[in-house]
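Trainee: The structure that follows is given in the form of C-alpha cells.
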Amino acid sequence: MTSQPETRERVTQTERTRLMRQRLLEATVDSLVEVGWSGTTTTLVSQRAGVSRGAQLHHFPTKQALVVAAVEHLTERRRDDMRQAARDLPATGRTRAVLEILSQQFTSPIFAAALELWVAARTDPDLRDAVAPLERRVGRETHAWALELFGVDESIGDNRRLVQATLDLLRGLGLANSLSDDAARRGSVLDAYASTLDTALEIS
C-alpha cells in the first residue's frame, strides 16, 4: 500500500517538473525576442531558466524541439489571455475592441519570437517541417476565434474573406511594429477599418 507521504512526493515532483519546463519555455521565447534565432542556444536557455543542462536535454534534446515547444506553449497561453479579454467586450464599439484584441496577437513578444522562427525556417527545411504545421494550426484557431469574436458566420456573404483579410492586415501591422513603435499609426488604421467592417460584415 502506498503511503501518503510518498503520494505527496509524487505530486510535488510532477509540479516541479511542470514548473521547470515552463521556465525553459519562457526563457526560450525571451531569448528569441532578445537575441534572435541565431543567438538562441540550448545552453543559454538552460542558464537563463536556472535549469541544469542535463535536465534541459532530457525534456528537449534539440534546439528545434525546444523552440517550437516554447512558441506553441506561449501561444496557447496568449490565447487564454485573449479569451479573458473577450469577456469584457463593450456593447458599443465592439468591432474596434475586437480589432484591438486581435492586434495584440501580432504585437506581443510571442509574435516576435514566431517571426524569428519563420525567417529561420525559410532556409532550413528541417525547421520548416516542424514550424509549418504549428503555424497552420495557430492560423486556423485564430481565424475561428476571430469569427466568434466578431459574431459572424463565415458561410454568409464575404465574411470569411473579410475576416481573413483582417488577420492579414493585422499581421502586416505587427510586422511594421517589429521595427519601431507603430502604435499611433496602427490605432488610426484600425479606427478606420472598424467602420469598414461594421458595414461589410454580415452578422449571423
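The values are calculated or read from the model by the stated rules, or taken from the named source; none is laboratory data. Only a predicted model underlies this, so the values are computations on that prediction, with no experimental measurement involved. Quick reminder, even Gly has a Cβ in these numbers, built from the backbone with ideal geometry, and neighbours come from all protein chains shown.
Trainee: Quickly run through the range 148-162 and pick out the residues that are of a type outside the set (F, W, Y) and buried (at least 17 other Cβ atoms within 10 Å of the Cβ).
Mentor: Hits for the range 148-162 are L149, V152, E154, N159, L162.
Trainee: If you don't mind, another one. Which members of the range 64-83 meet the condition of being polar (S, T, N, Q) and over 15 Å from the mean Cα position of the chain (by Cα)?
Mentor: Within the range 64-83, Q64 is the sole residue that qualifies.
Trainee: Filtering the range 107-144 down to residues that are among the acidic types (D, E) and closer than 24 Å to L190 by Cβ, which residue is surrounded by the most Cβ atoms within 10 Å (Cβ to Cβ)?
Mentor: So, considering only residues that are among the acidic types (D, E) and closer than 24 Å to L190 by Cβ, the one surrounded by the most Cβ atoms within 10 Å (Cβ to Cβ) is E135.
Trainee: Please work out which residue is surrounded by the most Cβ atoms within 10 Å (Cβ to Cβ), limiting yourself to the range 163-182 and to residues that are without any contact (Cβ under 8 Å) to a residue 40 or more places away in the chain and in contact with a helix residue (DSSP H, G or I) (Cβ under 8 Å, 6 or more places away or on another chain).
Mentor: Looking at residues that are without any contact (Cβ under 8 Å) to a residue 40 or more places away in the chain and in contact with a helix residue (DSSP H, G or I) (Cβ under 8 Å, 6 or more places away or on another chain), I get V163.
Trainee: Right, something else. Might you check whether a residue that is closer than 27 Å to N177 by Cα and hydroxyl-bearing (S, T, Y) occurs anywhere in the range 52-74?
Mentor: Taking every residue of the range 52-74 in turn, none turns out to be closer than 27 Å to N177 by Cα and hydroxyl-bearing (S, T, Y).
Trainee: Please return the ranges of helices (runs of 4 or more DSSP H) entirely within the range 49-146 where 3 or more residues are out of contact with any Phe, Trp or Tyr (no Cβ under 7 Å at 6 or more places or on another chain) and within 21 Å of L173 (Cβ to Cβ).
Mentor: 63-86, 94-103, 109-121
Per-residue answers, yes or no, for (1) surrounded by 13 or more Cβ atoms within 10 Å (Cβ to Cβ); (2) at pLDDT below 90; (3) closer than 23 Å to R77 by Cβ:
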| position | (1), (2), (3) |
| --- | --- |
| P5 | no, yes, no |
| V11 | no, yes, yes |
| R18 | no, yes, yes |
| L24 | yes, no, yes |
| T28 | yes, no, yes |
| L32 | yes, no, yes |
| T42 | yes, no, yes |
| V51 | yes, no, yes |
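Trainee: Which is over 30 Å from D30 (Cβ atoms) and out of contact with any Gly (no Cβ under 8 Å at 6 or more places or on another chain), of T123, T196, T166, T142?
Mentor: Step by step, each of T123, T196, T166, T142 is checked, and only T196 is over 30 Å from D30 (Cβ atoms) and out of contact with any Gly (no Cβ under 8 Å at 6 or more places or on another chain).
Trainee: Looking at (1) part of a helix (DSSP H, G or I); (2) at pLDDT 90 or above, find the lone condition where E154 falls short.
Mentor: For E154, the exception is condition (1).
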